[in-house]
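Report on the structure given below.
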Amino acid sequence: MIPKVGIVVPTLGTRPEYLRQCLLSIREAGPAFILVVSKADFNGDDLRAEGLFDSIVPDPRQGLPKAINAGIRELPKEVEYVNWLGDDDLLNPGSLTVSSAVLDKEPKTVMVFGSCDYINEQGEVVWRNKSGSWAVPLLRVGPDLIPQPGALFRRTAFEDFGGLNDEYSWAFDFDLFLKLSKKGKVRFVKEPLAKFRWHPESLSVEYRKKSVEEASAVRISHLPEMVRPFSFLWEWLVRAATLIAGNRVTFLSKKKAQEK
């Protein structure tokens, strides 16, 4: 029987050990149909033989949002709840069972999320995102503190929006969360559901600045038109706070590495 949960894993196939850990963590998180999106020459025969994923589709090679959209489109029709997971991130054991149970019981809830641990390259926890239900209203005027890796949302809601907005390169999940919060209830569960791997080399100063700027553009686009001209009054503070928080996690990650 095909599970009602579907997880899409976009990958370039360049981090095989991380990818294996990622897929295994999904299997341990609960019943799920796992679909990999990768380039045409990706050889995942060994992973598939081990039962670590169920299907694979070619990456359209037009950016991450389009890769994720392509994957979710190809999930079996029986799949009701969806998300994607970076090939170096992890789900916690039983997390999909927890989040899907909430969506089963609460028809008006469109998305579930929990807290998330930030881990370094060695898998050591360096910080925990302890966001709660207050992170949902904060989306409209502040930073996005909803951890994407452990979230789970209704496929019908995702499809109603036409999938992820591929005009964005980094903040497409933020845009989705804002849309979902306007469509129905977004529910927080008091459990750590996932682990996000923090890579200093991939989260350079330049990358973080572009990401923060794009998140600001997303936030402003969801404001009422009459309010948008005044957003400069607080947006500079939100951008600065977000950059400082990112620098703090990088510092903790480096400190953890130096302690070894």
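Values in this text are rule-based calculations from the coordinates and carry no lab data. Bear in mind the structure is a predicted one, so any value in this text is a computation, not a measurement. Glycine gets a Cβ as well: all are built from the backbone with ideal geometry, and neighbour counts include every protein chain shown.
Normalized C-alpha radius of gyration of the stretch 128-226, against 2.2 N^0.38 Å?
1.10
The ranking of 7, 72 by Cβ neighbour count inside 10 Å, starting from the fewest, reads 72, 7.
Mind scanning 4/182; 66/210; 105/185 and naming the pairs with a C-alpha gap bigger than 22 Å? Beyond 22 Å: 4/182. Between the labelled values (i) 1.44; (ii) 0.98; (iii) 1.12, the entry that holds Cα Rg over 2.2 N^0.38 Å as derived from this structure is (ii).
Here the Karplus relation 6.51 cos²θ - 1.76 cosθ + 1.60, evaluated at θ = phi - 60°, turns the backbone of the stretch 7-15 into coupling constants of 10, 9, 10, x, 8, 8, x, 8, 10 Hz, with x for every Gly and Pro. 3J(HN,Hα) along the stretch 163-171, derived from phi through the Karplus expression 6.51 cos²θ - 1.76 cosθ + 1.60 where θ = phi - 60°, amounts to x, 6, 7, 7, 6, 9, 9, 10, 9 Hz, with x in place of Gly and Pro. Ranked for footprinting exposure by Cβ neighbours inside 10 Å, fewest first, 156, 11 give 156, 11.
Each Cα pair under 8 Å and six or more residues apart adds its sequence gap; the mean of these over the residue count of the chain is a relative contact order of 20 percent. Among 234, 198, a tally of other beta-carbon atoms within 10 Å of each Cβ gives an order, fewest to most, of 234, 198.
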